[in-house]
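Report on one structure; see the data block that follows.
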Amino acid sequence: MGTLDLLKQAVMEGKRKEAMQLTQRAVEEGADPHEIINGWLIPALNAVGEKFEKREMFVPEMMISAKSMQACVDLLKPLIKREQAVARGTVVLGTVFGDLHDIGKNLVKMLLESSGFQVADLGQNVPPDRFLEAAREHNADVVGLSSLLTTGDSHVQQTVRAIKESEMGGRVKVICGGAALTSKFVVEVCGADAYAKDAAEGVKKIADLLQNR
């Protein structure tokens with residue numbers, strides 16, 4: 001197996017130290033940092049997410065894998081240059097109320113910043129009114145909601161409604177993502193503008209939302 005294949009496997013197995021060493025080796029071998037993230041680290045975490053959905057893996061194991069991936073991303077972050085000097089838009093990000101998981105949200109933030117977006121990170125366990133307050137404060141173009149657990153569904157719905165029914169509703173776009181969410185729930189039930197199955201798709205859809213305004 002090649003270095004990147006071994007890296008993906010190490011992340012899936014939650015072997016943080018080994019994954020970090022393989023990330024460093026991949027860079028030394030000439031692999032592009034963006035390609036390492038988009039082509040190997042994100043698919044590794046997606047595979048873990050699929051195992052979680054099938055109950056072949058549980059939250060503690062998934063978080064160990066996610067933290068292993070985050071450690072690799074932290075190594076790569078200094079190597080990633082901004083693709084655009086001019087900000088492409090402002091995005092408010094946060095994990096919904098009742099959810100303390102932020103690995104996925106942190107990855108989205110890193111990818112957005114490296115792609116030229118301004119990001120206001122609200123952290124985790126964020127109530128609906130704080131999302132709305134931050135959207136106003138930063139004059140946001142997009143609000144991104146992250147939710148890992150099914151217990152967050154009601155908070156996703158409340159947050160989307162609070163934003164869409166406010167004076168910001170006509171201009172700010174709302175995108176949601178996370179292991180427990182589906183496109184049908186996010187768009188049809190909650191009324192959000194878009195759903196993203198992973199961080200890379202989230203960045204692409206945010207760019208599309210702003211381009212089509």
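The values are calculated or read from the model by the stated rules, or taken from the named source; none is laboratory data. All figures in this text were calculated on a predicted structure; none of them were measured in a lab. Cβ placement follows ideal geometry from the backbone for every residue including glycine, while neighbour counts extend to all protein chains displayed. SASA here: full protein model, heavy atoms, side chains in, ligands and nucleic acids out. Shrake-Rupley method; radii C 1.70, N 1.55, O 1.52, S 1.80 Å.
Only one entry in Lys81, Lys109, Lys67, Lys77 is in a loop (DSSP other than H, G, I, E, B), among the basic types (Lys, Arg) and either at pLDDT below 80 or out of contact with any Pro (no Cβ under 6 Å at 6 or more places or on another chain) (or both), namely Lys81.
Highlighted here are the strands (runs of 3 or more DSSP E) found entirely within the range 140-204 that include at least 3 residues which are hydrophobic (A, V, I, L, M, F, W, C) and at pLDDT 95 or above: 142-146, 173-177. Need the failing condition index for Phe58 against (1) open to solvent by 40 Å² or more (accessible area, probe 1.4 Å); (2) modelled with pLDDT of 90 or more; (3) touching a Phe, Trp or Tyr at 6+ places or on another chain (Cβ under 8 Å), just the number. Only one criterion in (1) open to solvent by 40 Å² or more (accessible area, probe 1.4 Å); (2) modelled with pLDDT of 90 or more; (3) touching a Phe, Trp or Tyr at 6+ places or on another chain (Cβ under 8 Å) is unmet by Phe58, namely (2). When Leu148 is tested against the conditions (1) open to solvent by 20 Å² or more (accessible area, probe 1.4 Å); (2) free of Cβ contacts under 8 Å to residues at least 24 places away in the same chain; (3) under 18 Å from the mean Cα position of the chain (by Cα), the lone failure is (2). Filtering the range 61-71 to residues that are of a type in the set (S, T, N, Q) and either farther than 15 Å from Leu7 by Cα or open to solvent by 10 Å² or more (accessible area, probe 1.4 Å) (or both) leaves only Gln70. Just one residue in the set Lys51, Lys17 is at pLDDT below 85, open to solvent by 30 Å² or more (accessible area, probe 1.4 Å), in a helix (DSSP H, G or I) and farther than 19 Å from Met110 by Cα; that residue is Lys51. For Asp74, are the conditions met, namely being over 23 Å from Gly191 (Cβ atoms), under 18 Å from the mean Cα position of the chain (by Cα) and open to solvent by 10 Å² or more (accessible area, probe 1.4 Å)? In short, yes.
The requirement of being over 18 Å from Asn46 (Cα atoms), open to solvent by 30 Å² or more (accessible area, probe 1.4 Å) and of a type in the set (Phe, Trp, Tyr) is satisfied by Phe97.
Within the range 188-196, identify whether any single residue is open to solvent by 70 Å² or more (accessible area, probe 1.4 Å), more than 30 Å from Met62 (Cα to Cα) and touching a residue at least 12 places away in the same chain (Cβ under 8 Å), and answer yes or no. Checking the range 188-196: not a single residue is open to solvent by 70 Å² or more (accessible area, probe 1.4 Å), more than 30 Å from Met62 (Cα to Cα) and touching a residue at least 12 places away in the same chain (Cβ under 8 Å).
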